[in-house]
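Report on the structure given below.
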Amino acid sequence: MAVNGRDCTMMVEPRTTLLDALRGMLLLTGTKKGCNRGECGACTVHVDGRRVLSCMCLAAMQEGKRITTIEGLEQDGKLHPIQAAFIEHDAFQCGFCTSGQIMSAVAMIEEAEAGWPSAATQDVAKPFTRGDLSPQEIRERMSGNLCRCACYPHIVDAVEAVARS
Amino acid sequence: MHPFGLSHAPDVASAIAWHDFDSGLAFIAGGTDLIGLIKDRAALPERLLDINGLSELTQVAPLPEGGIRIGALARMSDVAANPAVRERLPAIAEGLLFAASAQLRNMASIGGNIMQRTRCAYFRDDDDPPCNKRRPGSGCSALRGINRNHAIFGWTESCVATHPSDVAVAFAAMDATVLVRGSSGERSIPFAEFHRLPSNTPERDNVLERGELIIAIEVPARPEGRASHYLKVRDRQSYEFALVSVAAAVAMDGARIRSARLALGGVAHKPWRLPATERALAGIALNDTNKLRAVIALSFADARALTHNAFKVELAQRVVLRALQTAGERA
């Protein structure tokens with residue numbers, strides 16, 4: 001698989017999760033292991049451009065896939081706009097959920113751009129646009145990422161700032 | 001996780017043949033339920049067969065007469081974003097969007113969604129308490145344990161679990177069909193007959209046999225399809241399983257209901273249709289709340305609450321009323 005643009009070959013046991021392969025074998029420890037049960041979102045990465053939970057994926061099922069982790073967001077020493085917005089808006093305290101929040105937010109804005117509705121969308125039959133990303137929409141679309149420090153208001157501010165830019 | 005083998009299915013026929021032949025083999029698609037079950041030791045397959053390469057099962061296609069065919073490997077997020085689904089069958093798009101989180105919806109397949117197992121905490125508990133689904137014959141810990149989230153319809157002393165899927169409730173309301181292929185050919189299972197009641201074999205959630213693979217779900221065109229709504233009530237606003245949910249679809253004659261379809265989630269071992277109410281709704285004005293309440297109550301005469309879930313009997317009736325009126329306003 002290609003991880004952050006680099007081809008990686010590894011030998012794993014079938015039961016190795018993508019999360020454990022990234023952290024333990026590729027030493028990409030930016031992706032965090034929270035609940036390890038698909039309930040907290042701390043392990044969120046992109047597979048072929050989509051946000052997924054790496055704790056619920058088997059590494060051996062990712063052959064040929066393109067994986068992006070938090071380490072792969074920065075381009076030429078420049079932070080991704082979502083990363084910069086999290087700093088600007090003070091959108092974290094302990095930081096454990098932050099990688100997952102940021103990976104989730106990056107993909108979330110792309111989903112909105114592609115016209116995907118959410119459970120907060122009043123009429124799912126109507127086309128959705130990025131401009132419809134209200135704070136309520138952002139909260140719903142980011143609900144798969146828990147923050148036990150409860151930084152939600154600042155996280156929503158950070159995401160909203162980028163979504164509207 | 002326990003050690004298991006993993007291979008990749010080259011085509012549908014091989015997948016079916018291998019599953020038929022090997023009683024230790026389980027299909028894996030999105031894995032969002034199966035990996036959790038393995039971690040909780042509620043499933044201990046010896047081998048997994050990755051079916052994600054079967055690309056002919058990923059299509060979502062509008063049917064010429066107005067229905068939709070959803071391939072078993074279509075992802076929840078793709079189905080929910082599909083313009084034909086959103087326009088023709090909003091309750092199905094909503095049923096998907098109110099489930100899980102965006103990450104899980106990107107992973108989970110439609111076939112896997114209706115195959116997911118109960119969220120009963122005793123079933124998922126790796127301390128292995130008595131549970132007839134986990135260990136057939138060991139008893140039911142929820143029957144006299146903590147059963148706030150459990151069934152009010154169709155349960156038996158052997159199991160009081162509920163089915164956790166949201167979209168299955170919408171499929172049931174629309175009388176969808178599950179297309180299944182096995183070594184002896186293909187069969188169509190009416191959605192209402194796909195999931196089982198617990199009876200005294202609660203370890204079997206549905207009627208699939210070994211060697212059978214879900215190919216697609218077909219939702220036929222219904223006069224009530226467009227004016228449909230999925231309403232879900234839960235302990236937190238998002239990313240939580242239902243306490244009670246309902247899929248409602250209505251066809252109107254001016255201000256009066258011509259026909260209606262109703263199915264409840266979170267109340268039984270399978271999506272629970274309300275046939276007595278559905279029959280009695282014809283001719284009632286959508287704003288005649290008292291009459292609607294009386295007709296909804298007809299389906300709750302046989303509700304049986306457990307120690308901690310009597311609230312569901314009242315809550316479900318209110319949720320049905322609200323969903324019905326919201327769906328009717330879309331007509």
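At least 1 residues being among the polar types (S, T, N, Q) and surrounded by 24 or more Cβ atoms within 10 Å (Cβ to Cβ) is the threshold, and among the strands (runs of 3 or more DSSP E) wholly inside the range B:201-282 those reaching it are B:228-233, B:244-253. Inspection of the range B:74-92 identifies at least one residue that is open to solvent by less than 20 Å² (accessible area, probe 1.4 Å), within 23 Å of the chain's Cα centre (by Cα) and away from every other protein chain (no Cβ under 13 Å).
The listed residues are A:Phe96, A:Phe128, A:Phe86, and the only one of them that is farther than 24 Å from A:Arg164 by Cα, out of contact with any strand residue (DSSP E or B) (no Cβ under 9 Å at 6 or more places or on another chain) and modelled with pLDDT of 95 or more turns out to be A:Phe96.
Taken over the range B:47-57, residues that are within 11 Å of chain A (Cβ to nearest Cβ), open to solvent by 20 Å² or more (accessible area, probe 1.4 Å) and either within 20 Å of B:Arg134 (Cβ to Cβ) or out of contact with any Phe, Trp or Tyr (no Cβ under 8 Å at 6 or more places or on another chain) (or both) amount to 2. On the stretch given as the range B:292-313, residues that are farther than 19 Å from B:Ile257 by Cβ, small (Gly, Ala, Ser) and out of contact with any helix residue (DSSP H, G or I) (no Cβ under 6 Å at 6 or more places or on another chain) total 2.
Against the test of being part of a helix (DSSP H, G or I) and in contact (Cβ under 8 Å) with a residue 12 or more places away in the chain, the options B:Ser7, B:Ser23, B:Ser77, B:Ser14 yield a single qualifying residue, B:Ser77.
Annotation: A:His46 fulfils all but one of (1) facing chain B (nearest Cβ under 10 Å); (2) open to solvent by 30 Å² or more (accessible area, probe 1.4 Å); the unmet one is (2). Residue count for the range A:1-51, restricted to those that are under 22 Å from A:Cys94 (Cα atoms), in contact with a Gly (Cβ under 8 Å, 6 or more places away or on another chain) and not in a loop (DSSP other than H, G, I, E, B): 1. Taking the numbered list (1) over 18 Å from the mean Cα position of the chain (by Cα); (2) open to solvent by 10 Å² or more (accessible area, probe 1.4 Å) in turn, B:Gly154 passes all entries but (1). A single entry from A:Ala112, A:Ala120, A:Ala105, A:Ala91 fulfils the requirement of being farther than 30 Å from B:Ala227 by Cβ, at pLDDT 95 or above and in contact with an Asp or Glu (Cβ under 8 Å, 6 or more places away or on another chain): A:Ala91.
Evaluation of A:Val159 against the conditions (1) touching a residue at least 24 places away in the same chain (Cβ under 8 Å); (2) more than 12 Å from chain B (Cβ to nearest Cβ); (3) open to solvent by 10 Å² or more (accessible area, probe 1.4 Å); (4) closer than 20 Å to B:Arg236 by Cβ shows that the sole unmet condition is (3).
Among the residues of the range B:298-313, the one identified as outside any loop (DSSP other than H, G, I, E, B), open to solvent by 40 Å² or more (accessible area, probe 1.4 Å) and farther than 22 Å from B:Ser228 by Cα is B:Phe311. In the range B:109-131, the count of residues that are of a type in the set (Gly, Ala, Ser), closer than 23 Å to A:Gly38 by Cα, within 14 Å of chain A (Cβ to nearest Cβ) and surrounded by fewer than 23 Cβ atoms within 10 Å (Cβ to Cβ) is one or more.
Considered as a group, the residues in the range A:140-155 that are free of Cβ contacts under 8 Å to residues at least 24 places away in the same chain and surrounded by fewer than 19 Cβ atoms within 10 Å (Cβ to Cβ) include one that is farthest from A:Cys55 (Cα to Cα), and that residue is A:Pro153. Among the residues of the range B:18-46, those identified as aliphatic (A, V, I, L, M) and surrounded by 15 or more Cβ atoms within 10 Å (Cβ to Cβ) are B:Leu25, B:Ala26, B:Ile28, B:Ala29, B:Leu34, B:Ile35, B:Leu37, B:Ile38, B:Ala42, B:Ala43. The residues in the range B:283-297 that are surrounded by fewer than 17 Cβ atoms within 10 Å (Cβ to Cβ) and in a helix (DSSP H, G or I) can be counted, and the count is 6. For B:Leu97, state whether it is surrounded by 18 or more Cβ atoms within 10 Å (Cβ to Cβ), at the interface with another protein chain (Cβ under 7 Å from one of its Cβ atoms) and modelled with pLDDT of 95 or more. Taking the combined requirement at face value, the residue satisfies it. Tallying residues that are small (Gly, Ala, Ser), on the phi < 0 side of the Ramachandran plot and in a loop (DSSP other than H, G, I, E, B) within the range B:90-132 yields 3.
The values are calculated or read from the model by the stated rules, or taken from the named source; none is laboratory data. Remember, predicted model here, so these are calculated numbers, not experimental data. A quick note on method: Cβ atoms are made from the backbone with ideal geometry, for glycine too, and the neighbour counts reach across all protein chains shown. Ligands, DNA and RNA are stripped out before the accessible areas are found, and what is left, the full protein with its side chains, is counted by its heavy atoms. Shrake-Rupley method; radii C 1.70, N 1.55, O 1.52, S 1.80 Å.
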